[in-house]
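Reading through the structure tokens given below for one structure.
The values are calculated or read from the model by the stated rules, or taken from the named source; none is laboratory data. If you're wondering where the values come from, they're calculated on a predicted model, not measured in any experiment. Cβ atoms come from the backbone with ideal geometry, glycine included; neighbour counts cover every protein chain shown. Surface areas here come from the heavy atoms of the whole protein model, side chains and all, with no ligands, DNA or RNA. Shrake-Rupley method; radii C 1.70, N 1.55, O 1.52, S 1.80 Å.
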Amino acid sequence: MDDFRSFKTARRLPAKPMEPVADPAGWSPESLKDVSRWSYKITERDADELADGIASVRRSGVAVVDVSRESFPLKHFGDVLLDVRWELMDGLGIVMMQNFPLDRLDREGTAIAYIGLGAYLGHTMSQNKMGHILGHVKDLGGDYNDPHTRGYMTRAEMRFHTDACDYVGLLCLQTSKSGGASRIASSVTVYNRMLERRPDLVQALTEDFYRSRSGEVSPGELPYFKQPIFSFTEGYFSATGVGAVIDKAQGLPGVPKFTPAQKEAVEVYRQTVDECALDIDFQRGDIQFLNNFVMLHTRREYEDWPEPARKRHLLRLWLRDPNGRPIPREQREGRAGRGVNIAGVKRVAPLDVDVAA
């Protein structure tokens, strides 16, 4: 297995609007086909450290929702995770961790260990209107076309998107009967290809687009927010996705319809993402960590198992890194900086869910 730590030799040049971006996160799909190149296999020693961390949390009486780096001590594995963070910030923007010890742990132990290792990358964030800091990606019978339904509650093929955090982690507990492949793309590469072909549309994507909040709002808040697709901050490029929330916002009161340039820019953006996309194998015990500001992700439609215990199930973390990649201030202070925080809703870490949230 290769060493995932490309950040040690990678080189970035200051990024400027409407110029090509030279960034180690600007990879081609061909270059990442060998997953071992950007993976780390969790060892028995690492698994023992995770078990010790779980025991420490339980001895101290820390609630699952409150597990932190301080309450979850790691030794050698902690150093590995710090390198994972650097790779997300200054390398490819993605790391696959394999062999998470699911068979050694009960569900609560899995949650503690997963949140604990995530604490070495950033701070957990609420992911939905219920205050969940431990997300459950599974088919709960949701309708992907419903403006108030988020795609992770369905089995539909989703549009490429970014999540409202610095880093997203996805731990595979169960795979589907068929389909459901994970898909990734570099937003740096998408930007560079579009700039070469249609700079006029790139210019349109540096302007604000309206996005639906999927009904996750506090009283008095607007049901949408605005954000550019491509941004430049302190010499760093960052991007957000052109996911379903862009389309769903078009049906909200007060949101103007796409201009012809915006409509074409969205279409060409999505076509370009498909050109840059890579389908990857995602097996039980795999954890995919990625940086939302340089990466796009989605999954294929899938067919699930009929037995509830065998249904496709991923555990998701949203992680905030205040010292992470520079992004626009309004984005750092907005939804991407605070998660989905609804007034009066406390943070919780459910071990499972069986209804839409």
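What part of the accessible area of the range 270-357, given as a whole %, is carbon or sulfur when the probe is 1.4 angstrom?
48 percent
What label, among (i) 25.3; (ii) 18.1; (iii) 17.1, belongs to mean projected area of the Cα convex hull in nm² computed from the structure on display?
This structure yields the entry labelled (iii).
What net charge do the residues around VAL345 carry, taking every other residue with its C-beta under 12 Å from that of VAL345, with Lys and Arg at +1 and Asp and Glu at -1?
Local net charge: +2.
Report the FRET efficiency, 1/(1 + (r/R0)^6), for GLU207 and ASP274, where r is their Cβ-Cβ distance and R0 is 35 Å, rounded to 0.05.
With R0 = 35 Å, the Cβ-Cβ based efficiency is 0.95.
Taking a ≥ b ≥ c as the square roots of the Cα gyration tensor eigenvalues, with a/c under 1.5 meaning rounded and otherwise prolate when a/b beats b/c, else oblate, which class fits the range 219-357?
Since a/c stays below 1.5, the shape of the range 219-357 is classed as rounded.
Count the net charge of all other residues whose Cβ sits under 14 Å from the Cβ of ALA261, scoring Lys and Arg as +1 and Asp and Glu as -1.
That sum, taken over residues with Cβ under 14 Å, equals -2.
Per residue, what accessible area does the chain have, given a 1.4 Å probe and all protein chains present, in Å²?
Value for the chain: 43 Å² per residue.
Read phi for every residue in the range 313-328 and hand back ³J(HN,Hα) as whole Hz from Karplus 6.51 cos²θ - 1.76 cosθ + 1.60, θ = phi - 60°, with x for Gly and Pro.
Coupling constants for the range 313-328: 8, 10, 9, 10, 10, 10, 10, 9, 10, x, 9, x, 4, x, 9, x Hz.
Can you work out ³J(HN,Hα) from phi for every residue in the range 344-351, in order, using Karplus 6.51 cos²θ - 1.76 cosθ + 1.60 and θ = phi - 60°, giving whole Hz and x for Gly and Pro?
x, 9, 8, 6, 9, 10, x, 7
Counting pairs of alpha carbon atoms under 8 Å apart in space and at least six apart in sequence, what relative contact order in percent does the chain give?
29 percent
Cβ under 12 Å from ILE42's Cβ, ILE42 left aside: what net charge do those residues give with Lys, Arg +1 and Asp, Glu -1?
-2
At 222 nm, what helix-only mean residue ellipticity would the chain give, in deg cm²/dmol to the nearest 500, using -39500 (n - 2.57) for each DSSP H run of four or more?
One gets -8000 deg cm²/dmol as the mean residue ellipticity at 222 nm.
What are the ³J(HN,Hα) values, in whole Hz, obtained from phi via the Karplus relation 6.51 cos²θ - 1.76 cosθ + 1.60 with θ = phi - 60°, for each residue of the range 223-237 in sequence order, with x given for Gly and Pro?
Coupling constants for the range 223-237: x, 9, 9, 10, 6, x, 7, 10, 9, 9, 9, 6, x, 10, 7 Hz.
To the nearest 0.05, how large is the calculated FRET efficiency for LYS263 and ALA55 if R₀ is 41 Å and r is the Cβ-Cβ distance?
With R0 = 41 Å, the Cβ-Cβ based efficiency is 0.15.
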